[in-house]
Structure formats: structure tokens, C-alpha cells
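For reference, the structure is listed below as C-alpha cells.
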Amino acid sequence: MNDVVAALAGLDERVLIDYVTKQRWFGSKQREVAHARVVDAAVVRTTEPLLLSALVEVRFQPGTHETYQLLLGVRRADAGWSDGVIGELDEWVVYEALADPELARELVGAMRAGLTQKTGEGAMSFCPMEGFAGARGVLAHARAIESEQSNSSIVLDEELILKAFRRIEPGINPELEMLRFLTAHGFANIAALAGWYQYAGGPMEVTLGVLQRFVPHGRDGWELALDELAEEPERFLRRLRRLGEVTGAMHTVLASDSHDPAFCPEEPSAESLGLLTATIDEEIERMFLTLPDHEALSPIAGRGEEVREQVRLLAHVGPIGRVIRHHGDFHLGQTLWAQDDWVILDFEGEPARSLVDRRRKRSPLRDVAGMLRSFAYAASASELLRGIEAPPGWEEQARDEFLAAYLAAVDTSLVPSNRAGVERLLSVFELEKAVYELRYELNNRPEWLSIPVAGIVRLLEQPAAV
């Protein structure tokens, strides 16, 4: 066993680079990789097939680096294993462990058992969630979630879902922190946390994966919106009332523990909104300095100063309520409709932001603004993807239904005390989100540029209404 761990350091660097850079979860496909090496590893299963969790450092030409988790299966080369093969080490073949259902189940077993394994530089710990009453017997079936982009998820017996984080940063992952808090405080509208595993050692302390209850027969909120816009748009508006209630209840729970420093609500300082708007102002300036010449961008071309001035005007909102931990990347695609209610998923926050930034306390209205922008996307995508135009005024109705239900459900101390203040603060966050969307669509879906552009134009024309 120890020989195999030591031998990982001898895995051909070019093989390692080729494997990592071709994975969908590799986040820097536009950058040139200079070096890659295994910096530490733990043996989770000590009998063949072996299971290892390895931390791999990927270095780029300017001297920066990223760290990724590889889950590795190791079998003797003469065993004939061929799925997900990465390379060979003497008489061993090394492969992607999540391609092997036996090893995926082994990770769950390690969490149930509370296993701790020493590594060369520290230790890897597998932790069960106290009081979890999920499946306890032998897990017979495992299937991968193929749509996963930045992580790797496996469903086991349609009862549990294991998410392994791939790109890792020092510190606790918000997904674990938020799920653990919401599960412990009895918030029912999530896929409850069942366990997690983590690493602590020389290179870093980091969350490596989480295990949750699987929600069977759930319908993705984004797909449900598109389906019902085509079939029965009024029905989806009624569902949005409930989503507003669930979101308000989630924020209220997240603000409910004054004894937990990571979650206790805080009174924002006098400078906090100024700092917020200054950050958004910088993002807008950078974005508009690099706008290409594109027909879809013509409604906002040359209007960067106007957008920045709008943020400054909206910033005079007065008291903004309190700041709390929040979802951080809230939209319809982060929800499921299951058993006549909403389930909220994926608490990692925006993947392009640092882990420190994702854990920062903000106004809960930042989540609300993200969901409101999602309604704009759904109304436009219905036509772009399905060829079906949303009913006139549907987006405004969706906003009104969700927001009214949210404000009725949320702890009122968390938001501005009057509706005008709420609307102004929402506009700041919607501008922030629309600029983020603009950058994303420029890099990934230029044919969708009209959606964030329309959002920015609407917010530019809004002052009189506010």
C-alpha cells in the first residue's frame, strides 16, 4: 500500500497534465500548464482495488497554481481494468475511481465509519452528520450525474448523492458550511447533509466532498419554468409564490443563531454599502473598457459611465437591514420541484469568486436579485430554446409574485424597512448580476448577450420608477 502511494509521485507528469486538462471540471482551459505533481494522498481503501484521494498541484507559466482533487482507483495491470484509465505504475493501473461503482460506495462507507487516514503531510477525515437517518445498508447501485461541470457527483441507490469537489481552495467550502448549518437547524427545503470528508496537512486545510440525501423525482426549476411557460405559465407563477416563501424562510433560518460567529447576523457598517458599490463600480469599469464591437451590445455601447452613475445614485438607499450568510449563486437552476415543494441546492456560491468572497456576509437581497434575473433569463430562453414567446408581462408578474411572498416570509430586520429601499438595493444587486452575466455570455454564449444587455438597459431607465 505505502509503495503505491509513494509511486504516485512517479506518475508521468505529461500523463497527469493530459488527464487533468481534458476533464470538464478543469477550470483553466485557456491557460498553459507548465507542471503538475501529486502533493499528498490518502489511501481510503487498503485492499485491491485500492482507493486514493490525491491532491494534485497544477502550475501555470506565470508562476500561479491551482490544486485539484483526484479520486484514484488502483488495480493490478493484469486485472484487465479499462474504464477511466489515467496511466500505469509498474504492475499497477491507475484510473478514475468514480468510474468504479465499488469505489464510489467505499467513500460513503468511510464517512459512515468516521474513518481517518494519515497522509504524508497530514490526515484525511471522513465524517458522518450527527443524527442522519439515511440508507445504512449495502449500497448496490451507483450512477454519475453527467451534467456536472465543476465537480463530480454520484447517486447511490437513489437515496444518497456524493459530490466530490475537484478544484479546491484552503478553508471550509460554503457548500458544507451552509448544508451543515441548515440541516442542524431543521430547514426542510434542502437535500439534507449526511456526511463529508476533508483534508488537513502541510499544503492546506480543505473540504473535499459532501454526502447528501438524494431527492428522487425532482424536476429542475429551470427546465420546469421553460416547460410551464409553454404549457401553463400561470401555474408556474403560483409555484413562484411558494419559492418566495421558501427563500424568505431560508434567510430567516440563516440569521437565527446569534452564537455562531460564522452565521450570526451583523449590522453593516456605514461604509459597507459604499464598499459594495465601489466593488461593483470597478467591475463595471473593467467590463466596459473591454467591450467588443458586437451588434447585440449596441444598446449599452459607450454607456459605461452612465451605468456607474446609476450604481452611485442607487447606493443612497439608507439603512440596508442586516448582512448574513446567503446562497450566493441563487437562480432557478439551483432549485428542484419535488413532492409539491421547492428544494434549494448547490450552496457553493459563484464559482468564479474566491472561497473567502463566497463566505462573506451580504444582504440577503443579493440572493433575491439573482432569482429575479433568472426570471428574465427564463422569459427570453423560452423563445431562444423552445421557440415560444413568454406571455406579455410574464417576467414582471413573476417578479411580483416571488418578491411579495419573500417579503412576507423573511425576518423584516434583514431588509430595508420600506419598499422603496428594498427596490433600490435590489437594483444595485441586479446591476452587479447583469454585469457578471454580460461577461459570462461574452465568453460562452454570445447569442444570449441580449438578455444581460436588456437587464442593464432596464435598470438604466428605472430611476423614475424607483
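The values are calculated or read from the model by the stated rules, or taken from the named source; none is laboratory data. Source: prediction; values computed, not measured. With ideal geometry, Cβ positions are generated from the backbone for all residues, glycine too; neighbour counts draw on all protein chains shown. Heavy atoms of the whole protein, side chains included, go into the accessibility calculation; ligands, DNA and RNA do not. Shrake-Rupley method; radii C 1.70, N 1.55, O 1.52, S 1.80 Å.
Contact map, the stretch 146-159: first residue of a type in the set (Val, Ile, Thr), second residue assigned to a loop (DSSP other than H, G, I, E, B), Cβ cut-off under 9 Å, separation 6 or more or different chains; pairs are ILE154/ILE145; VAL155/HIS141; VAL155/ILE145; VAL155/PHE214. Only residues that are open to solvent by less than 40 Å² (accessible area, probe 1.4 Å) and either hydrophobic (A, V, I, L, M, F, W, C) or in contact with a helix residue (DSSP H, G or I) (Cβ under 9 Å, 6 or more places away or on another chain) (or both) were counted in the stretch 200-216, giving 10. Only a single item in (1) under 24 Å from the mean Cα position of the chain (by Cα); (2) surrounded by fewer than 19 Cβ atoms within 10 Å (Cβ to Cβ); (3) at pLDDT 85 or above is not met by LEU254, and it is number (2). Just one of (1) acidic (Asp, Glu); (2) assigned to a helix (DSSP H, G or I); (3) touching a residue at least 40 places away in the same chain (Cβ under 8 Å) fails for GLU309. It is (3). With the structure loaded, tell me whether ARG419 is open to solvent by 20 Å² or more (accessible area, probe 1.4 Å) and at pLDDT below 90 or whether it fails that test. So ARG419 fails the test. Against the list (1) in contact with a Gly (Cβ under 7 Å, 6 or more places away or on another chain); (2) open to solvent by less than 10 Å² (accessible area, probe 1.4 Å); (3) over 30 Å from ALA352 (Cβ atoms); (4) of a type outside the set (Val, Ile, Thr), the condition LEU89 fails is (2). When the residues of the stretch 162-190 are filtered to those that are among the small types (Gly, Ala, Ser) and touching an Asp or Glu at 6+ places or on another chain (Cβ under 9 Å), the one that is least open to solvent (accessible area, probe 1.4 Å) is GLY171. A count restricted to the stretch 217-232 and to residues that are assigned to a loop (DSSP other than H, G, I, E, B), in contact (Cβ under 8 Å) with a residue 12 or more places away in the chain and open to solvent by 50 Å² or more (accessible area, probe 1.4 Å) stands at 1. The set of residues from the stretch 320-357 being of a type in the set (Lys, Arg), surrounded by fewer than 22 Cβ atoms within 10 Å (Cβ to Cβ) and touching a residue at least 40 places away in the same chain (Cβ under 8 Å) comprises just one member, ARG322. Inspection of the stretch 328-344 finds no residue satisfying the criterion of being farther than 18 Å from LEU182 by Cα, at pLDDT below 90 and either of a type in the set (A, V, I, L, M) or touching an Asp or Glu at 6+ places or on another chain (Cβ under 7 Å) (or both). Which pairs have Cβ atoms under 7 Å, sit 6 or more apart or on different chains, and link a residue in the stretch 107-130 that is under 21 Å from VAL39 (Cβ atoms) and modelled with pLDDT of 90 or more to one that is open to solvent by less than 40 Å² (accessible area, probe 1.4 Å) and part of a loop (DSSP other than H, G, I, E, B)? Matching pairs, first to second residue: PHE126/GLY114.
Within the stretch 37-85, the set of residues being surrounded by 18 or more Cβ atoms within 10 Å (Cβ to Cβ) and within 13 Å of LEU98 (Cα to Cα) comprises PRO49, LEU50, LEU51, LEU52, SER53, GLN69, LEU70, LEU71, LEU72, GLY73, VAL74. Looking across the stretch 260-272 at every residue that is at pLDDT below 95 and assigned to a loop (DSSP other than H, G, I, E, B), the one that is least open to solvent (accessible area, probe 1.4 Å) is identified as PRO268.
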